[in-house]
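See structure below.
The values are calculated or read from the model by the stated rules, or taken from the named source; none is laboratory data. This structure is a prediction, so every number in the text was calculated from the model and none was measured. Quick reminder, even Gly has a Cβ in these numbers, built from the backbone with ideal geometry, and neighbours come from all protein chains shown. Each accessible area value is taken on the protein alone, full model and side chains, heavy atoms only, with ligands, DNA and RNA left out. Shrake-Rupley method; radii C 1.70, N 1.55, O 1.52, S 1.80 Å.
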Amino acid sequence: MFDPIQLWGRRCRSFWKEAAYYWRFIGRSMSQGVLFFAFIAAMYMYIQWLETLPDNFPYYWFTVPLITWAVAFSPIRTFLQPADRVFLLPVESRIGPYLSRALRYSYLWQAATVLVVAIILWPLYKVSKDGSTSFLLLSVFLLIVKWGNVLGSWQEARQVHERSRRLLRFIRWIASTIVVFTVYQYGPAIAGIIGLLCVTILWASYKKTNQYPIPWEYLIRKEREHLSKHYLFFSWFIEVDHLPNRVKPRRWLASITGRFPFRQASTYLYLFTKTYIRSETASISVRLTAAGALLLLLVPDPNWKIAVFGIFLWMSCVQMSSLDQYHRYTFWLKLYPVDAMSKRAAIIRIAYVSLLSQWLLLGAVLVWQSRGSGLSLAAAAVSLLMVSAYCLIFMRKKLKRTSLQL
């Protein structure tokens, strides 16, 4: 007999059992210690930065975007699998308890994220604005808004038309931004009134659109995308047996492969360049570079600027280690009449060019902010050696160990 509650528990336990397996390997590689050190260093720099803020600092330029992201970004974890569109469809009328637990599970994890972000930004709020709102009242209000966003995300998932889904999501994000800005600027009372008005408008909009009872295809696709990011993160540190990918065309950038010489030796260079540009790894590289450059601009202490520079370069090196996981189990590559050694050379070349580009951009910001000091120039030179050693020594040994050249 079908038991939706038992099915949910079994799938949830299976997911966390697998996640714990990967986390144990990450712990053995000492990567957790480096991430913890980076977190402590970031908190120390944040406290120092707060001490330099003027009284009229526009804190809402930082608090509103970050809190809005934590509140409005509301993906729903369902642990659904592709076969469910066949085997669970006959019992669709009894799947309600399963989806109710999916909503509560998603809310609890995302509510924890909201609280963490609110705690981090609370000192900034108190330093810049002597408000009478207590942290407890503010947190409760944000958690209520978060639950409304989770319910709104579920209604958007049920939309038949993709255009309606995107429009409703855009309206929900705008409404969340307005509510968050109001609660930080004017307090929960006024924000609550505006929030009720936004809920009324959104609910009426949801009811006027065509909806699926249960959007199987959409939920399965979103679950697959989440697993792809999940495995991609772990592949930074260890080998992952399966790495599903979300492919993005990026035609304007992928066209650079047209400049490669049309010959047999460029086969793997062409393939892995296309793969890297269209994968989530390239998106992470861009985000890391942008975040690192922003922190280099905000951190006042020259020594901490160098620390930020080194940490973000190290993170970029770590995430580039997942490049060799792509096409690892593609059978047709083993049939290519191409020198297998060129595959390893192509991966190292792509990683080296990407990391050198990041080093150049972040190094330029570091030297500019440090006014060309000798210490910053020395840090840039040492980091260049680090990047070179990582690509030419560590990655080469890693590729040999995984027998990727065979």
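Condition test on residue 146, is it modelled with pLDDT of 90 or more and among the charged types (D, E, K, R)?
yes
Being over 27 Å from the mean Cα position of the chain (by Cα), in a helix (DSSP H, G or I), within 27 Å of residue 230 (Cβ to Cβ) and of a type in the set (Phe, Trp, Tyr), is that true of even one residue in the range 48-69? No, because not a single residue in the range 48-69 is over 27 Å from the mean Cα position of the chain (by Cα), in a helix (DSSP H, G or I), within 27 Å of residue 230 (Cβ to Cβ) and of a type in the set (Phe, Trp, Tyr).
Look at residue 378 and say whether it is within 22 Å of residue 299 (Cα to Cα), more than 25 Å from the chain's Cα centre (by Cα) and modelled with pLDDT of 85 or more. Considered against the rule, which asks whether it is within 22 Å of residue 299 (Cα to Cα), more than 25 Å from the chain's Cα centre (by Cα) and modelled with pLDDT of 85 or more, residue 378 comes out as yes. Condition first: outside any helix (DSSP H, G or I) and either open to solvent by 20 Å² or more (accessible area, probe 1.4 Å) or in contact with a His (Cβ under 6 Å, 6 or more places away or on another chain) (or both). Can you find one or more residues in the range 139-157 that meet it? The answer is no; no qualifying residue exists. When residue 372 is tested against the conditions (1) out of contact with any helix residue (DSSP H, G or I) (no Cβ under 6 Å at 6 or more places or on another chain); (2) at pLDDT 85 or above; (3) small (Gly, Ala, Ser), the lone failure is (2). Is there a residue in the range 229-236 that is among the hydroxyl-bearing types (Ser, Thr, Tyr) and open to solvent by 40 Å² or more (accessible area, probe 1.4 Å)? No: zero hits.
If you check residue 93 against the conditions, is it open to solvent by 60 Å² or more (accessible area, probe 1.4 Å) and small (Gly, Ala, Ser)? Yes, satisfied.
Considering only the range 180-197, state which residues are without any contact (Cβ under 8 Å) to a residue 40 or more places away in the chain and within 28 Å of the chain's Cα centre (by Cα). Across the range 180-197, the qualifying residue is only 182. Of the helices (runs of 4 or more DSSP H) that lie entirely inside the range 208-324, those containing 3 or more residues that are under 25 Å from residue 336 (Cβ atoms) and at pLDDT 75 or above span 267-278.
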